[in-house]
1. Give a residue-ordered list of calculated ³J(HN,Hα) values for region 261-278 (Karplus: 6.51 cos²θ - 1.76 cosθ + 1.60, θ = phi - 60°; whole Hz; x for Gly, Pro).
2. Listing Asp332, Asp125 from the residue with the fewest other Cβ atoms within 10 Å to the one with the most, what is the order?
3. Pick from Lys68, Lys364, Lys245: which residue has the top mean-square fluctuation in a GNM of the chain where Cα pairs under 10 Å get a spring?
4. Compute, for the chain, the length of the dipole vector about the Cα centre, with Cβ point charges of +1 (Lys, Arg) and -1 (Asp, Glu) only. Units Debye, rounded to 20.
5. Can you pull the one-decimal nm distance between simple spin-label points at Glu270 and Glu327, each 7 Å off the Cα toward Cβ?
6. Can you return the aspartates and glutamates within cross-link range of Lys113? Criterion is Cα-Cα under 16 Å, with same-chain partners fewer than 8 residues away left out.
7. Under the Karplus relation 6.51 cos²θ - 1.76 cosθ + 1.60, θ = phi - 60°, what is the ordered set of whole-Hz ³J(HN,Hα) values for region 199-212, x standing for Gly and Pro?
8. Quick check: Cα centre of region 151-223 to Cα centre of region 283-329, how many Å?
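A short reminder: the numbers here are calculations on the coordinates, not readings from a lab. Keep in mind that this is a model prediction, so the values were computed, not measured. Here the Cβ positions follow ideal geometry from the backbone for every residue, glycine too, while neighbour counts run over all protein chains shown.
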Amino acid sequence: MKCVLVGTAYPYRGGLASFNERLAKEFIAHHHKFEIFTFILQYPNFLFPGKTQYSTSPAPHDLKIIRKVNSVNPVNWRKVGKEIKKLAPDLLIIKYWMPFMAPCFGTIAKIAKQNKKTKVICIADNIIPHERKFYDAVFTKYFVKQVDAFVVMSENVKTDLQKFTKNKPVAFNPHPLFDNFGEKISKEQACIKLNVDVNKKYVLFFGFIREYKGLDLLLKAFADERLKTQNLELIIAGEYYTVEKKYQDIIKELKLEDRIHQFNHFIADEDVKYYFCSADLVVQPYKHASQSGVTQIAYHFETPMIVTNVGGLAEIVPDKKVGYVVESNEKDIADAIIDFYEVNRKDYFKASIKEEKKRFGWDKMLHTIIEVSGK
């Protein structure tokens, strides 16, 4: 088949770009033609919470990525839509994650499918966003109307989607394994790279820091007296997309400075392995969620996890098999960390991860997309 994906890709950075590029490689590996139309402008700078939108990693050498889309220019949307209409791919794939993009993506899709050949497939990260805006419902309704079929990666997103459409094909496929960050390395190699003591135990918080991700809960859990006897330290790796002072104040108030290593910047793809391979345990103390790419990086590096019982996280992390599912509070998080070390569950969890990760193949995502499209 001939496929076009409209969305984030190099030179933009982050999980969206990683997902889209990895999906493109899977289609190409199965002998489909695949190209990505990415942004010439993704967000206006004043709307972007981080330091830069752009990657410092090398460009993918084996993908066709063309910068075409301006997220805020309706004239551009129509132009891109007409170009895809003329190109007439079998599939137009759109990874949808926030209503801000709905007018852009919806207009492109509406025009592209006028050729009566192209099917529009949405891979939905979220339908209702974590951080709400007044325009969410109207914009999302417009976008959903233009889509022919959906792939969701958690059941709660499927439930949210039913508020906007009940008669379009919807397929569930869990987020595939993020296997594009290199191979596992030893804990010693990882700790040397991060300049941390290889003889310590490490818990990892990884990814962009937003209010809903619950880093404050993990910090408070780390102040639990029981954890002070475990030779245990916390690695925080990720750029702040919220007010950093709140978290630094908690660290000072709880006197955690000497037990925390902060890497408060965007983690380049080629460095991700050092954080996951240095850690015994990855904690996602989210207050709400849909699904998460962080779990799929942890699966790839075979690092046990603690996730909270929100969104679709519990669907991906079987409790007491590859990690823990706990409630979103500091006591339950601390209890799970203590149980992990005192009961010595590391080897059992790692062995279970080796089996469990087999269900998250990219080939499964590819076949789900094709099946739901009816092609």
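1. Along region 261-278, the couplings run 10, 10, 10, 8, 8, 5, 8, 5, 3, 6, 9, 4, 4, 5, 6, 6, 7, 7 Hz.
2. Least crowded to most crowded, the residues run Asp332, Asp125.
3. Of Lys68, Lys364, Lys245, the Gaussian network model singles out Lys245 as fluctuating most.
4. Working: 57 positive and 45 negative charges, 435 e Å.
Using Cβ point charges on Lys, Arg, Asp and Glu, the chain gives about 2080 debye.
5. Distance between label points: 4.6 nm.
6. Glu83, Asp90, Asp148
7. Each residue of region 199-212 in turn: 7, 8, 9, 10, 9, 10, 10, 10, x, 3, 9, 10, 4, 6 Hz.
8. Measuring centre to centre over Cα atoms gives 7 Å.
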